[in-house]
Amino acid sequence: MTMFFVPFAKLVLAKLQRFHSIRCIELDVLTKYLSPKSGEKIIDIGCGKGFYCDFLFHKGIEAHGIDPSKRDIAFAQIIQHKGIHVQVAEGEAIPYKNSEFDRAVSVCVLEHTRDDKKVLQEVHRVLKKNGTFALSVDTLDSPNYGVAYRAQHAKEHFVNQYYTREKLVKLLQSTGFEVVDTQYLFGSGVATRIMHVGSFFHFGFWFLALFPIIYPILWVDHQLNRTLSHGMILVVHARKK
């Protein structure tokens, strides 16, 4: 019974991730930066269980994704549309030809990589000239996030490096990208308190169950704090030169 229930529970929880209040707002900003067009070929670097690939597929995109986790790719192949193309691979060695993609996206992945510069060089390589790259990273550079919280978050989520806006912009520019725009998310006092609630629940089932309450609060907070100079997450719109 346990052998059946545990995988089933994981599948249900994976499907419920679409009700992750934080991720919903983050993906909304990313999608505006990415600006996907039907018929394009787009790659998701660190696609995880394939949620964003599935989203892109239903917009008429030829969606590809890579992730180093065999388990996550297996989940993606089970729970997402069969039309998406996902495979086990690392961002430091993207298994595609030069200039193959119109756009690329990465959702809070770069901070977990072993060699962030190599990953960006690889993304640059597989993008067509002037191709869009929309990415988000963990920053936690708001004064509302203390040293202890940053350390706990890094330990629980395997963060190898945090970024500031200046650090990430410089890194992108050094790997051949032009930075078009940036936006911090979840830097206000209200958002910080919600992040702490999420951490308490490990962003699991009970946090997802609070979606009807948390999402409207975060959405309004986001509308009121679009110009913050700090936050939990930084979203970037870049373009291959």
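Each value in this text was obtained by applying a stated rule to the coordinates, not by laboratory testing. These figures come from a predicted structure and were not determined experimentally. Cβ: placed from backbone, ideal geometry, glycine included. Neighbour counts: every protein chain shown.
Just to verify a number: FRET efficiency for Leu171 and Lys82, C-beta to C-beta distance, R0 = 35 Å, to 0.05?
Working: r = 36 Å, r/R0 = 1.03.
So, using R0 = 35 Å, E works out to roughly 0.45.
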Name the lysines eligible as straight-distance cross-link partners of Lys240: C-alpha to C-alpha under 17 Å, and not fewer than 8 places from it in the same chain.
-> Lys41, Lys97, Lys117, Lys118, Lys128, Lys129, Lys170
Efficiency of FRET from Cβ geometry, Thr227 and Ser199, R₀ 35 Å, rounded to 0.05 | 0.85
Sort the following peptides by mean Cβ neighbour count (other Cβ atoms within 10 Å, averaged over residues), highest first: 170-180, 41-51.
-> 41-51, 170-180
Calculated [θ] (222 nm, deg cm²/dmol) that DSSP helices of n ≥ 4 give over the chain, each run adding -39,500 (n - 2.57) = -13500 deg cm²/dmol
The chain - charge dipole about Cα centre, Lys and Arg +1 at Cβ, Asp and Glu -1, debye rounded to 20 = 300
Which label marks the calculated value of percent of Cα pairs over 25 Å apart, given the options [x] 41; [y] 45; [z] 70?
-> [x]
